[in-house]
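Let me begin by handing over the structure; questions about it come next.
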Amino acid sequence: MFMTHKETANLRIFFTEDHRINESIEEIDNKIDSINNIPLQAAVDTSVTKKIETSDTEIANLFSATSFRDFTMTAYKGKCAVTGRVIKYGQFMNIEAAHIQPKSHGGSFLPSNGLALSRDIHWSFDKGFFTLNEDYTLLVHPSVESDFLKSYEGQKISIPEDKFFMPSHDSIKYHRENVYGLFLTSGRL
């Protein structure tokens, strides 16, 4: 990783003639922490999505697990699509990129097959405790005993602004027909 002149100036370490550091380790750690706490703004340039949409390469082959996560987190602004919330400390957060059509069912790493969900909501989505309707509202399974999850019944999830990232209706239909209610018969996808 290369540092800018400004970053170098912020981390300036003065050496004596015998190369000992004149700043304490604590002072250096504080300077490093101050740089690490600067929020990184993720931006998706529309020219990138246009190039992807018009590429000769199979679109699904352009994405990996890492890019799927990054694009999904960016699309949902790092918040849960269902609750609109996040628990965060520094770079740690309880949000995960969830596949609508599971990878184990042939789902892709395309961002349109992803939702940013908090860990508990992701788990319940993967188990089929709820699914989505065509209008992006939650359909909670009638056998679910959780009042927390039931409180989101019929509510619309957050939808990314860019249509490239909007949840695919085909993936939603697949989830509704093949994953919804799986918790009743199976513990795994």
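Starting from the 7 Å offset along Cα-to-Cβ, what nm value, one decimal, do you get for the label separation of D147 and W123?
2.0
Given the pairs K127/K156; K127/K163; K77/K127; K77/K156; K77/K150, which span a C-alpha to C-alpha distance of over 23 angstrom in this model?
K127/K163; K77/K127; K77/K150
What is the distance, in nm, between label points placed 7 Å from the Cα along the Cα-to-Cβ direction at K103 and at N133?
3.2
Grab the beta carbon distance between E177 and V86, set R0 = 35 Å, and tell me the FRET efficiency rounded to 0.05.
With R0 = 35 Å, the Cβ-Cβ based efficiency is 0.70.
Between D162 and T185, what's the calculated FRET efficiency when r is the beta-carbon distance and R0 is 30 Å? Round to 0.05.
My answer for the efficiency is 0.20.
Can you give the extra length, in nm with one decimal, that the chain gains between N94 and D170 once fully stretched, where that is 0.36 nm per residue apart less the Cα-Cα distance?
24.6 nm
Read-outs: derived from the displayed coordinates by stated rules, not from any lab. Given the structure is predicted, the values throughout are model-derived calculations rather than measurements. Using ideal geometry, Cβ is built from the backbone for each residue, glycine included, and neighbour counts are taken over all protein chains shown.
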